[in-house]
Amino acid sequence: QPRLSWKIVSDKTNIRQTAYEIRVAASEQSLKQAKVLWWNSGKVLSNQSVNVDYAGTALLPMQRAYWQVKVWDQNGKPTHWSAPSFWETGLLIPGNWKASWITSPLDQPGERIRPCCYFRKDFPVSKKIYSARVYVSALGLYELYLNGTKIGDQLFTPGWTSYKKRIQYQTYDITSLLSAQNALCGVVADGWYRGNLGNNNRNYYGPKTALIAQLQINYTDGTSEVITTDRSWKASTGAILYSDIYNGETFDSRKEQTGWNNAEFDDKAWQQATILDHTKNILIAQQGPPVKPIQVLHPIKLFITPKGETVFDMGQNMVGWVRLKASGKPGDKVTLKF
């Protein structure tokens, strides 16, 4: 039952809502015609404009619904219908997940410092696409790519939850990113799931990182296709040799596999991903606001300490990371401390 909210905009003062009416349909056209509606609340005498429960036709998974509202003021005067808005349902029950949790055979739990796991899957698209969504989560932190482009602008996905009780998943609209030949790729780091927590307490939620992704492609001819994480995916390692929330990251450019997240990449040397037996019953849609980059800061001062260290003064306390250009020979190390 999605909860619907709206704000009243008026050039008059002291306007109060005394009633509302909501209608919901499968398309904007159906809303305008007001013929085939999933829900019409009728006129409801109420000043409530926040968290009004949807009470219409039962919703299906991966379904878009369009809605609009009009209200009456204290003088009984109605507004026009609002501009249509929409919501979209996700994977509503565990049984809607066709994907499996996959992990890398190179990820050895006995090792204390383990590199990030890289995953990839090549697939073609031969028909005209109507819409495409990917639903994705991880045991650890993930970044997802399609044809070399990072999907979404969120950070620290899927977020920190009590992973033994609930794991958030994110939904991305990738309709415009698909081509005739595609590569869906992901990289997974320890994050809070198995990284250092507290007094070097590792593997608190589990010893293995994993990825789960389900791509739903709907074609204009009415057919659909589902691509999921399974044994057909390939796994490897890359330039990120270590990545921890508290203890930083080790990145070795010599081990970077250029183009690993593009469709033209040769992954014959990669290994077959393995299935991880982990529950999908605790996967939930994202609940909290996403973490996103909001600003680029430039140093206000640069100086050299008596020890010979170069210090960049950012001018304020901050949470973020550094974009740095440096030159040197292969094997040279650059160490950043914050």
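The values are calculated or read from the model by the stated rules, or taken from the named source; none is laboratory data. For clarity, every value in this text was computed on a predicted model and none was experimentally measured. Note: ideal-geometry Cβ built from the backbone for every residue, glycine included; neighbour counts use all protein chains shown. Remember, those area values only see protein heavy atoms, side chains included, never the ligands or the DNA or RNA. Shrake-Rupley method; radii C 1.70, N 1.55, O 1.52, S 1.80 Å.
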When you scan the stretch 7-26, do you find a residue that is of a type outside the set (Phe, Trp, Tyr), exposed (fewer than 15 other Cβ atoms within 10 Å of the Cβ) and either in contact with a helix residue (DSSP H, G or I) (Cβ under 9 Å, 6 or more places away or on another chain) or within 23 Å of residue 92 (Cα to Cα) (or both), even just one?
no
Keeping to the stretch 245-280, report how many residues are closer than 15 Å to residue 117 by Cβ and of a type in the set (Lys, Arg).
1
Selected residue (criterion: nearest to residue 25 (Cα to Cα)) from residues of the stretch 41-54 that are open to solvent by 60 Å² or more (accessible area, probe 1.4 Å) and polar (S, T, N, Q)
51
Report those strands (runs of 3 or more DSSP E) wholly inside the stretch 236-338 carrying at least 1 residues which are more than 23 Å from residue 152 (Cα to Cα) and of a type in the set (Lys, Arg).
301-304
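Within the bounds of the stretch 55-65, is there any residue that is open to solvent by less than 10 Å² (accessible area, probe 1.4 Å) and at pLDDT 95 or above?
Looking through the stretch 55-65, at least one residue is open to solvent by less than 10 Å² (accessible area, probe 1.4 Å) and at pLDDT 95 or above.
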If you take just the strands (runs of 3 or more DSSP E) that sit entirely in the stretch 69-159, which of them hold at least 1 residues that are buried (at least 17 other Cβ atoms within 10 Å of the Cβ)?
117-124, 129-139, 141-146
Note down all Cβ pairs under 6 Å where the first residue falls in the stretch 41-65 and is under 20 Å from residue 7 (Cα atoms), the second is of a type in the set (D, E, K, R), and they're at least six residues apart or on different chains.
41/21; 43/21; 51/3; 53/3
Check on residue 221, under 29 Å from residue 111 (Cα atoms), open to solvent by 40 Å² or more (accessible area, probe 1.4 Å), touching a residue at least 40 places away in the same chain (Cβ under 8 Å) and outside any strand (DSSP E or B)
no
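Of the residues 113, 102, 93, only one is over 21 Å from the mean Cα position of the chain (by Cα) and either within 29 Å of residue 168 (Cβ to Cβ) or at pLDDT 95 or above (or both); which?
113
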When the stretch 263-291 is examined, which residues are found to be farther than 19 Å from residue 103 by Cβ, in contact with a strand residue (DSSP E or B) (Cβ under 7 Å, 6 or more places away or on another chain) and either surrounded by 12 or more Cβ atoms within 10 Å (Cβ to Cβ) or at pLDDT 95 or above (or both)?
263, 265, 284, 285, 286, 291
Considering residues that are outside any strand (DSSP E or B), among the small types (Gly, Ala, Ser) and touching a residue at least 12 places away in the same chain (Cβ under 8 Å), the number found within the stretch 184-205 is 2
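Let's see how each residue does on (1) under 25 Å from residue 61 (Cβ atoms); (2) charged (D, E, K, R); (3) without any contact (Cβ under 8 Å) to a residue 24 or more places away in the chain:
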position	(1), (2), (3)
98	yes, yes, no
103	no, no, no
131	yes, no, no
134	yes, no, no
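With 229, 209 as the choices, which residue is farther than 30 Å from residue 295 by Cα, touching a Gly at 6+ places or on another chain (Cβ under 7 Å) and either open to solvent by less than 20 Å² (accessible area, probe 1.4 Å) or of a type in the set (Gly, Ala, Ser) (or both)?
209
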So the check is Cβ under 7 Å with 6+ separation or different chains; which pairs have a first residue in the stretch 237-261 that's within 13 Å of residue 333 (Cβ to Cβ) and a second one that's assigned to a loop (DSSP other than H, G, I, E, B) and among the hydrophobic types (A, V, I, L, M, F, W, C)?
251/239; 252/239; 253/239
Picked from the stretch 243-262 (must be in contact with a Pro (Cβ under 9 Å, 6 or more places away or on another chain) and under 24 Å from residue 151 (Cβ atoms)), the residue most open to solvent (accessible area, probe 1.4 Å) is 255
Which of the residues that make up the stretch 160-183 are in contact (Cβ under 8 Å) with a residue 40 or more places away in the chain, more than 22 Å from residue 62 (Cβ to Cβ) and open to solvent by less than 30 Å² (accessible area, probe 1.4 Å)?
163, 183
